[in-house]
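Below is one structure, written out as structure tokens; the observations come after it.
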Amino acid sequence: MTRVLTYAEAELPAGLAEQVAALEAQAWPGARSGHDPALAPRVMVLLDEDGAVAASLALLFKEIRHAGRTHRAAGLSAVVTRDTARGRGHGGRLVAAARAALAADPAVDLVLFSCDRPLVPFYEAAGFTRLPGTVLVGGTPQQPLATDAPGFDKEVLADFPGPDTGARAFTGVRIALYPGAVDRLW
């Protein structure tokens, strides 16, 4: 039986942290594991029947200003499934659990993140909605990184768990996310 556990990133037990770092290194060789503490990162892990990390992701949080309002935004980052555990639904279960956890969090108004275009159906199956024409602008104002940058093939997805989210204000627009230099896009 699989289990989903959630930890503040700074409180992730060492053994789980090592497994998550190994999964991320497998998926993104040379990338640094971990997230900017200013984004209050939480790590979700799905443990397989043997108690090993089969899949992991990070939840990141930041207030953003858009369409004349301040929104308490969350995003998914570093979603990864162990090579030997792929095709068993672990990633989908973990992403669905993340969506449910964020929907139940009264401190979250909306969830926004980008993914590679071929992964859109995977996230839609977990209940996220594609935002056609929407561009996330990450990085910093001095060094922006946009999802429509040359060479990127990204789509923006969202979920609007709270009441009166103004969901229409997020379709077909540029959204200044600016999560910083560490997590340039989430």
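Quick notes
- Under the Karplus curve 6.51 cos²θ - 1.76 cosθ + 1.60, θ = phi - 60°, whole-Hz ³J(HN,Hα) for region 121-130, x wherever Gly or Pro sits: x, 4, 6, 5, 4, 8, x, 7, 10, 6
- Computed from Cα atoms, the angle from the helix 14-27 axis to the main principal axis of the chain rounds to 70 degrees.
- Residues in region 36-43 carry Karplus couplings, in order, of 5, x, 5, 9, 6, x, 10, 10 Hz; the curve used is 6.51 cos²θ - 1.76 cosθ + 1.60 with θ = phi - 60°, and Gly or Pro positions show x.
- Computed from Cα atoms alone, the Kirkwood hydrodynamic radius reported for region 31-110 is 13.8 Å.
- Solvent-accessible surface (1.4 angstrom probe) belonging to ARG86, in square angstrom, nearest 10: 130
- Base-10 log of normalised Debye intensity for the chain (one unit scatterer per alpha-carbon) at q = 0.12 Å⁻¹: -0.54
- Computed extension length for VAL182-ALA27: 54.0 nm, one decimal, from 0.36 nm per residue of separation with the Cα-Cα distance subtracted.
- Note on PHE152 and THR140: the extension gain reaches 2.5 nm, defined as 0.36 nm multiplied by sequence separation minus the Cα-Cα distance.
- The chain: angle of helix 90-104 to the longest principal axis, Cα-based, in degrees nearest 10: 50
- The alpha carbon gyration tensor of region 112-172 gives principal lengths a ≥ b ≥ c with a/c of 1.5 or higher and a/b no greater than b/c, which makes the shape oblate.
- Residues whose amide H comes within less than 5 Å of that of HIS66, counting only those at least five positions distant or on another chain, are HIS71 (H built at 1.01 Å from N in the peptide plane).
- Residue order for ARG184, ARG99 - accessible surface, 1.4 angstrom probe, largest first: ARG184, ARG99
- Taking region 62-186 and dividing mean pair separation by its residue count, relative contact order in percent (alpha carbons under 8 Å, at least six apart): 29
- Residue (of GLY139, THR81, ALA100) at the positive-pole extreme of region 79-186, dipole from beta-carbon charges: THR81
- Simple Cβ-charge dipole of the chain, Lys/Arg +1 and Asp/Glu -1, about Cα centre, in debye nearest 20: 420
The values are calculated or read from the model by the stated rules, or taken from the named source; none is laboratory data. If you're wondering where the values come from, they're calculated on a predicted model, not measured in any experiment. Every residue, glycine as well, gets a Cβ built from its backbone with ideal geometry; the counts of neighbours run over all protein chains shown. These area figures cover heavy atoms from the full protein model, side chains too; ligands, DNA and RNA do not enter into them. Shrake-Rupley method; radii C 1.70, N 1.55, O 1.52, S 1.80 Å.
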